[in-house]
Structures are given as structure tokens and as C-alpha cells.
Amino acid sequence: MHATVPQNRFEELMNEARALTPADTREQIVAAIFRTSQAICNETVTYTNQAKQYETEKLDRIFTSKLWGFPIMLVMLAVVIYITVAGANIPSSMLASFFGWVEGYLTLFFQAIHAPDWLYGLLVLGLYRGTAWVVSVMLPPMAIFFPIFALLENYGYLPRVAFNMDRLFKKAGAHGKQSLTMAMGFGCNAAAVMSTRIIESPRERMLAILTNNFVPCNGRWPTLILLSSLFMAASYTGGWKTFVTASVVVAMVLFGIVVTLTVSWVLSKTALRGIPTHYTLELPPYRRPKIWDTILRATLDKSIYVLKRAIVVAAPAGVITWVLGNIHIGDTTILAYLANWLDPFAKALGLDGYILMAFILGLPANEIVLPILLMGYLSTGSLTEVDGLRSLKQIFVDHGWTWLTALNMMLFSLLHYPCGTTLVNIYKETKSKKWTFVAFALPTSIAIAVTFFTAQLAKWFGIV
Amino acid sequence: MAMNEYTIALAGNPNTGKSTLFNVLTGLRQHTGNWPGKTVVHAEGFFTYNNNRYRMIDLPGTYSLYSNSADEEVARDFIIFEKPDITIVVLDATALERNLNLALQVLEMTSNVIVCVNLMDEAKKKGIRIDTKKLAATLGVPVIPISARNKEGIDTLLKTIDSMVLGKIKTNPITVRYSPEIEQCIEKLIPRVKEVIGDAYPARWVALRLLDGDMSLLRAFQQQPLPSVKEVSIYACHGPAKSI
């Protein structure tokens, strides 16, 4: 015979308990358990090699300290980006000149076989140039950035970053694990959206999904680094130039994190209300990574993967852009027509029609936004050979770019809608058209609002 | 003579060699699947020792049993509702302090506990010495140092299991002392808990969970038919455990 649990009485009991409960019960309970464990260990565990035991603890006391945790993170980020910017310039220029040199021979070849102009335009000016630019501006920073990042990861520093960030996310009403999914977003937002499965609570998981896009992914790092080095540090030279460039990129990343936290906080107070749940994060011991192994793997896995993706998507996009830029309706091209149509709105955001169009056509992958933009500009007749970063800047300047255009493009890139792959993943994970739409519309509105604000502010103060 | 069957639950933090021990004890006699209605892997295996048959459940590896996740709920519900005859808690000797947190939580839920301190070989290499006798005295339950992957200490473990099911071992689990504020609340609640759900569940632990506002436990209790006191004793000795 079974007596069923007296449900209403149990619920009654629960309410009774709740009335008694002090606010920080869980903390008190956990603290008592921890204290007991510690006391037991003090009695029963002895160490014959003290120094060895405390290595990790000693380092953790520094890396995760309340005082030093954040400054160290900031310095690490700045150093990584500084090395990336400083190291990428020369190989970028070398690659660009190399591709320019090859283009000369390609041109000769097409002339020798008497190829029609449209074929030469399509293949060399559209496809080849676009791809060449992508490779020369994207490969060097990636080949430096990813291995350094992987070294930090394998050394065991990244889990400490998550540990530090945990406090902030909890204050924002989100789950501490969101710091992990955010960290993953620095690599790829689409993968990070899948990784939010580690968060059990649907509410907190949705927060993590909706805000993941605000940190730059693989596809957007090169854009940020390139634009920052071309425009933000223009009046500086030498080491200062690199320093300013890196600072701007770091500021972008920090701004992205601030937006992530703010949006999480606002959502957790409104549409996704609730209290954050607890979790345990195991910090692995620090170990010296296998340096060459890590570098090799990061280069092969990440850099080549991203580059391949960029080229595979960029090549057809280059062709399409070139075609759109060379088919005339009346006396304007389709591309110019579209760009002109978008221009008034884009100008209000401190961008231009071509930039906005590049973002729209770049929906499938963030990697191709910059290439599409370049191809769009190139197709307007200002034919610039691929021969170095200076001429790259010239293309932008010829199209009326200022530092504000670069800043706003960086901001828009940082904040705008997630790429197509990410949106597909969001739909798969949430099974909801409504939330997928929110994941698209929310960042887009923020991107528009922020760039509009910056543009108008700059105009108001007359600093452009 | 018919063999008695006993149920053993295996609890522990992730990466403590819990599954290694599970494999050493049960060999190939294992079934894996999912816990009913949950996407949590359920593994059970069988072994016999000294004319007794044992059914062993490898609970999901967790850091706590505070129902933060489906894993933790599964582990908690098994210990509370299925009442295994023995719960073995596997601890990592190289991180004893952190691992003890889980052991202390299990000891609040049941007194039929054996603590296995695994990875003793690795701890030795790192210069960590653990006084397991003292640990056993403090915790109030048997503590067996083992190295599952080297199959060291398994014999002692099996003998201890045998003694425990035969009632030759008397345990006296440590009670974690909470802040005076919490202790006062517990004291008030315990008589009420006993009144509502009887003696079938550890009253102090239930009181703590109530204070913690653990809604998932409320749901678990609502799904659970409460066995009458008489049935509990039969259940614990012979009854094949039902799934939750």
C-alpha cells in the first residue's frame, strides 16, 4: 500500500520554511560545507613537497584576485592585440605586393590570349583582386592572433578569465557560464550558440544566446584590426601607431563586453526575469603548453579554416559584386543604384551606401563584409592595384572615408545582427521564430542606435 | 540458497576515476541508457561477491547535490528515493578538499556510505599524504584508499561492502554544523518535516533543502509515492529498485 505524499501539506511546509529563511541561506550552507572540508583536510592531509602544491594556488591568487584580476586581463588582451597589430603589418604588405606582382603577369596572360574585357574584369578585377585583398589583410593577423590565444588557453589562463567574468555576469542577472560561452564567441558565434547548452536554465540560456553576438568573432577581428590600424592611428608613427591601434581594438572588445552585460541586465529585469543560479567551475592546474604543437595546430585549424571559409564565400560574392557593379541600367550600375538607395540612411549612421550593402550581402559570413566592400568600391572605376596597405587606405579615402566612417563601421560590425550560420543555429537551439527574430532585431537596433548617436554627436561637435 | 541482491550507488566529482572503479568492479556486465525522461546517461552493472549479488549504479559525476542541473537532480533523487543499500563516494586524493564537499553532502542524506579515496598513486607522486584512518574516524564511515586504474585497494573495498551489507559495520556520519541562524531554523523545521513526510527521509537534510528553497525537490516529492513505513524496510532489503 502506498500513502501518497500529502502534496498540499508539503507545499505548506515549504512556504513555512521560506518564511524562516535568511536571504543568503545558500551561501551560508555552502560556506559551512567548505569550512568543514577544509578543517578535515587540515587534520588529515600533509604535504611533503609544499612548494609544488601551492603553485597553482599562488598563481590563482594573482590571476583571479579581486584587485588584480581585471587589470591583468586587460593587459593580456592589450598585449595580444599589440603583438598582432605590430606583427601583421609587414607580412600584410609583403603579401599585398606579392599578389600585385602576380596580377601583372595575369594581366599579361589575359592580353596574350586576347581575352574579352568582361572576362578579364570578372576573373582578375573581381575574383582575383577581391580574394587577394582578403588573404593579404586577413591571414597575417590571424596567423599571429590565434596561436597566441591558443597558448593562453592551453596554459590554463582562459578558465581564470571565465572565473573573473563570472562575478559580472551574476550581477547582470545572467548565469556565470555565460562568461564561457562569451569567450567561445570570440572564436565563432555560431559555435558559441551551440555551446550555450551547458547552461541548464532556459532563461539564462536565452540571455547567453541573445547577447553572444556582441563580442567579435573570427570573421570580425580582421575588420576591427585593419580599420583601426588604417584610420584610428593615422597621425601617429612607429610604436605609438601600433599602440593606438591596439588600444582602439581593445576598447572595441571592452565596449562589446559592456553591451553584453548591459543587454543581459536589461533583459533579466524585463523580458527574461529571474535570479541567477549557482554553478561550480573547476579551474584546471596551470601547465606549460606544448608550444610548437599549439602554434601549429592553431595555425592549421583556425587560421586556415577561417581563411578557407572567407575565400570560398568571398570568391562567389566577388563575382556577384563585380557583375552587379558592371551591369548598367540606364547610366548607373545595379550596385551603384542599390548603394545610392541605401546612402541617405547609411549617411545618417556615419556610413555610406556601399558599407551598408556590404553588411547586407555579407549576411552569410562576417568574413566577407570587407571583401565585398572592397569589390564594390573597386567596381566603381577607381581601379587600384593590390600593392600595399597604403593603397588600400587610398581606396577608402577616395570614397570619402574619415576616421568616423571607420569607427562607425567597426561599431556596426561589432554590434550588428549575427551571421547567417549563427541565426540558423539560434533557430535550431531555440526552436522559436520569435526568439530568432529577436536575436536578429535586437543587435541590429543597437548597432543602428549606437552608430547614429556617434555620427550625430560628431557632427554636432563638428569634429569630422 | 538464494542470493541476496543489494544496490550500490557510485557518486563522485567528475574526473575522479569513478567510472574506472565502476568498470573494475562490474567488468563487462553493464547496461547503459538514459535516466527516464532525462538526457543524463544512466549506467548500471552487476557483480557478485561472497554469495551476494550487487547491482551498481554509476551516478552522474557532480560537484554538489544541490539540484543545479539535471545531473545533480538525478544523483540526488537516486540516493533519496531509491535508497541504495550502500553509496560509495569516490574522492580524488589530489584534490581532497574540494571532493570532500560532495562527500559531506552525501553523508547528510544517508549513513550507509563508504568513501573511496582514489588516485592514491598520483597523490603520492605529488607528495600528498592522506591519513585515511583519521579521515574515517572524522567522517564516521569507512574510508578505503584505492588506485582504481592499478586495481589497488579493490579487495579491501569489496570486504568492506560485504561487512556493511551484513550489518557488521556501524557508521556514525559526521554532522556539518551550520551557522547558528541556520541551525535554529533547522531545529524548528525538523519536527514539522517528520510530521509531513514521516521517517522515510532524512529529516535534517530535507529541512536544509526546504530552507534553501529547493523547488525541484518539491516536484520530486510530488511525483514520488510515499511508501508506508512497513514497506520501506522490505524495500530496503529485497525490493528491486524501481526507476524514478
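Every number here is computed from the coordinates shown, using simple stated rules; none is lab data. Keep in mind it's a predicted model, so treat the numbers as computed, not measured. Please note: Cβ atoms are built from the backbone with ideal geometry, for glycine as well, and neighbour counts cover all protein chains shown.
Numerical summary
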read-out: Coarse-grained scattering of the range B:7-70 at q = 0.13, 0.26, 0.27 Å⁻¹, given as base-10 log I(q)/I(0) from a Debye sum over alpha-carbon atoms; value: -0.37, -1.19, -1.24
read-out: nm² value of the averaged projected area, convex hull over the Cα atoms of the range A:17-110; value: 15.5
read-out: Rg/Rh (Cα only; Kirkwood hydrodynamic radius) as it applies to chain B; value: 0.95
read-out: Rg over Rh [alpha-carbon atoms, Kirkwood Rh] for the range A:312-380; value: 0.96
read-out: Label point distance in nm, B:N52-B:N4, each placed 7 Å from Cα along Cα→Cβ; value: 0.6
read-out: Residues of type aspartates and glutamates that A:K171 reaches as a straight line, Cα spacing below 16 Å, ignoring anything fewer than 8 places off in the same chain; value: A:D24, A:E27, A:E204
read-out: Backbone HN-Hα couplings from phi across the range B:48-60 [Karplus 6.51/-1.76/1.60, Hz, Gly and Pro as x]; value: 10, 8, 6, 6, 10, 9, 10, 10, 10, 10, 8, 5, x
read-out: B:E183 paired with A:R197, simple spin-label distance in nm, labels 7 Å along Cα-to-beta-carbon; value: 4.6
read-out: DSSP-defined antiparallel bridges as percent of all bridges, the protein assembly as shown, nearest 5; value: 50
read-out: Per-residue [θ]222 nm for chain A (sum of -39500 (n - 2.57) over DSSP H runs n ≥ 4, rounded to 500); value: -23500 deg cm²/dmol
read-out: Pairwise Cα inverse-distance average, inverted: Kirkwood Rh of the range A:121-217 (Å); value: 15.3
read-out: Relative exposure of B:H42, A:H416, A:H328, judged by other C-beta atoms within 10 Å (fewest first); value: A:H328, B:H42, A:H416
read-out: Proportion of all alpha-carbon pairs of the range A:62-461 beyond 39 Å (%); value: 18
read-out: Inter-label distance, nm, simple model (7 Å from Cα along the C-beta direction), A:Y155/B:D131; value: 4.0
read-out: Rounded to 5, the percent of DSSP beta bridges in chain B classed as antiparallel; value: 40
read-out: Phi-based couplings in Hz for the range B:112-125 (Karplus 6.51, -1.76, 1.60; Gly and Pro marked x); value: 7, 10, 10, 9, 9, 8, 8, 6, 4, 4, 5, 4, 4, 4
read-out: Cα radius of gyration and Dmax for the range A:179-282 (Å); value: 16.6, 50
read-out: Residues whose placed amide H lies under 5 Å from that of B:C116, excluding near-sequence neighbours; value: B:V89, B:V90, B:L91, B:I144
read-out: Largest-first principal axis extents, alpha carbons of the protein assembly as shown, Å; value: 98, 54, 49
